[in-house]
Amino acid sequence: MRILFIAHYFQPEPNFFIALPFAKKLVEFGHEVEVLTGFPNYPGGKVFEGYRIRPLQREILEGIPVVRVPLYPSHDKSAIRRAISYASLAASQSTIGTFLVKPADVAFVNQGPATLGLPACVIRFLRQIPFVYTIQDLWPDTLEASGMFNSQLGLNMVNSWCNFVYKRASRIVVITPGFKRKLCERGVPENKIEVIYNWCDDSQIASGERNPQLSKSLGMEGRFNIVFAGNMGKAQSLSAVLDTAKIIAPEYPTVQFVFVGSGVEVDSLKDKATIMKLKNVLFLPRQPVSQIGAILSLADVLLIHLKNDPLFRITVPSKTQAYMAAGRPILIGVKGDAADLVKKAKAGLSCEPENPQSIAEAVRKFQAMSQQELGKMGANGRKFYEKELSFEIGARKYEKLFEAVARKS
């Protein structure tokens, strides 16, 4: 098969869906892959070193042909600038990109913003390439829940657009059972929807032994480290975790909350930690994917936290899979599908999101556990990941789906 990736984010941008390894895996399976994307700028909103905005750039990334078209780079708190960024890339992919990509049997749309539906539909119409549309974030629900967009008229327009795209997709992949239920409620035929959980780059996030030198250099030595790694935005609502740090400090002086990554809320979180004079909070900058596994291995507990919003009850954050693969116990402050997955794996404890007292109670339970009990939880998560959620298993499911779509076209 010839497979076209239509992507908003692609390496060298950090991508928990591991788009480049997925493309390479499909090539390993015997298929041809080409990628249509923009110039890398996520998460900082600045074009990466070694790139500059131009009408077209072709490159080969680890054997995968990549076609890059222009966009307006932005990823800050301004909803208008981010909307322009999304729309500009979709416009470039739909015009310039449509005529630059090679013929393909199927297109794979790894949905970031819903604007990616535009090039998918245009390429389907003009190039006769059917597409599989993967929903990572349910729009417009995500826009409303994150606070990025509050106009009801605008949200209704986005909803209408999404329904337009869903009708034209050959198949739709969702990452949780809750997403499937929601789409069925909106009139999408059940037999058109496939549930395939996300995976992580398990080659980079394999469970391993702690590195004492790294632990000391980062300021994690001698502490019980509860680590959050990833984007720190409004949806993560990490202010509540800082309130937990204040509660826990007098009871458990060795407990330390470690925040690794970047995002629009990092500065305000740092300011709050300073105002609260928190000595048990550590902020580390965003790390290369090749280094994150070593940092996760230093964690005693890995933290997942999202706003207490109905949308997130049907969401499984991608870090859930990464944390399971890392083989460390998980503290999950998300209700619904994500908590159910961790519970099914016997990989951790849950707490009420945005509830500092509930988070603190979960921390107390972890503190009461022996190293053997903590190790067992981590091993449970790793075993569940390998059996149910691994890269190899997910990639094979997608391959089967692509082949089914290609045969019908």
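Quick notes on this one:
- Filtered by the rule that a residue be hydroxyl-bearing (Ser, Thr, Tyr) and part of a strand (DSSP E or B), segment 19-69 gives a lone residue, Thr37.
- Of the listed requirements (1) assigned to a loop (DSSP other than H, G, I, E, B); (2) in contact with a helix residue (DSSP H, G or I) (Cβ under 6 Å, 6 or more places away or on another chain); (3) of a type in the set (A, V, I, L, M, F, W, C), Met369 misses just one: (2).
Matching residues to (1) within 26 Å of Ser268 (Cα to Cα); (2) of a type in the set (A, V, I, L, M); (3) more than 18 Å from the chain's Cα centre (by Cα):
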residue	(1), (2), (3)
Met1	no, yes, yes
Pro12	no, no, no
Val33	no, yes, yes
Leu36	no, yes, yes
Gly45	yes, no, no
Val66	no, yes, yes
Ile80	yes, yes, yes
Ser85	yes, no, yes
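- Count of segment 287-339 residues, restricted to those that are in contact with a strand residue (DSSP E or B) (Cβ under 9 Å, 6 or more places away or on another chain) and among the acidic types (Asp, Glu), is 1.
- Any hit, segment 328-335, residues being without any contact (Cβ under 8 Å) to a residue 12 or more places away in the chain and of a type outside the set (A, V, I, L, M, F, W, C): no
- Scanning segment 277-332 for residues that are farther than 30 Å from Pro140 by Cα, β-branched (Val, Ile, Thr) and at pLDDT below 90 gives a single hit, Ile292.
- Odd one out for Phe48, checked against (1) out of contact with any Phe, Trp or Tyr (no Cβ under 6 Å at 6 or more places or on another chain); (2) of a type outside the set (Ser, Thr, Tyr); (3) closer than 23 Å to Val260 by Cβ; (4) touching a residue at least 40 places away in the same chain (Cβ under 8 Å): (4)
Listed here are the residues, each with its yes/no results for (1) part of a helix (DSSP H, G or I); (2) assigned by TED's automatic domain parsing to the domain that holds Tyr166; (3) surrounded by fewer than 22 Cβ atoms within 10 Å (Cβ to Cβ).
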| position | (1), (2), (3) |
| --- | --- |
| Thr95 | yes, yes, yes |
| Phe99 | yes, yes, yes |
| Val109 | no, yes, no |
| Gly117 | yes, yes, no |
| Val122 | yes, yes, yes |
| Phe125 | yes, yes, yes |
| Ile129 | no, yes, no |
| Tyr133 | no, yes, no |
| Asp137 | no, yes, yes |
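- From the options Arg407, Arg382, residue that is charged (D, E, K, R) and under 20 Å from Gly230 (Cβ atoms): Arg382
- Residues in segment 96-136 that are among the polar types (S, T, N, Q) and in contact with a helix residue (DSSP H, G or I) (Cβ under 8 Å, 6 or more places away or on another chain): Thr98, Asn110, Gln111, Thr115.
- Looking across segment 20-37, the residues that are of a type in the set (D, E, K, R) and either touching a Phe, Trp or Tyr at 6+ places or on another chain (Cβ under 9 Å) or outside the structural domain of Ile123 (by TED's automatic domain parsing) (or both) come down to Lys25, Glu34.
- Criterion (small (Gly, Ala, Ser) and closer than 28 Å to Tyr42 by Cα) met by exactly one of Ser358, Ser350, Ser262: Ser262
- Test for Ser318: is it free of Cβ contacts under 8 Å to residues at least 24 places away in the same chain and within 25 Å of Asn231 (Cβ to Cβ): no
- Cys351 meets each of the listed conditions (1) in contact (Cβ under 8 Å) with a residue 12 or more places away in the chain; (2) more than 30 Å from Lys246 (Cβ to Cβ) apart from (2).
- Test for Ala345: is it in contact with a Phe, Trp or Tyr (Cβ under 6 Å, 6 or more places away or on another chain), closer than 25 Å to Glu386 by Cα and modelled with pLDDT under 95: no
- Residue satisfying condition, being β-branched (Val, Ile, Thr), farther than 21 Å from Pro21 by Cβ and in contact (Cβ under 8 Å) with a residue 24 or more places away in the chain, within set Ile295, Ile247: Ile247
- Among the residues of segment 201-227, those that are over 22 Å from Lys335 (Cβ atoms) and either of a type in the set (S, T, N, Q) or within 20 Å of the chain's Cα centre (by Cα) (or both) comprise Asp201, Asp202, Ser203, Gln204, Ile205, Ala206, Ser207, Asn211, Gln213, Ser215, Ser217, Asn225.
The values are calculated or read from the model by the stated rules, or taken from the named source; none is laboratory data. Bear in mind that the values here come from a model prediction, so they are computed numbers and not experimental data. FYI the Cβ positions are ideal-geometry reconstructions off the backbone, even for glycines, and counts take in every protein chain you see.
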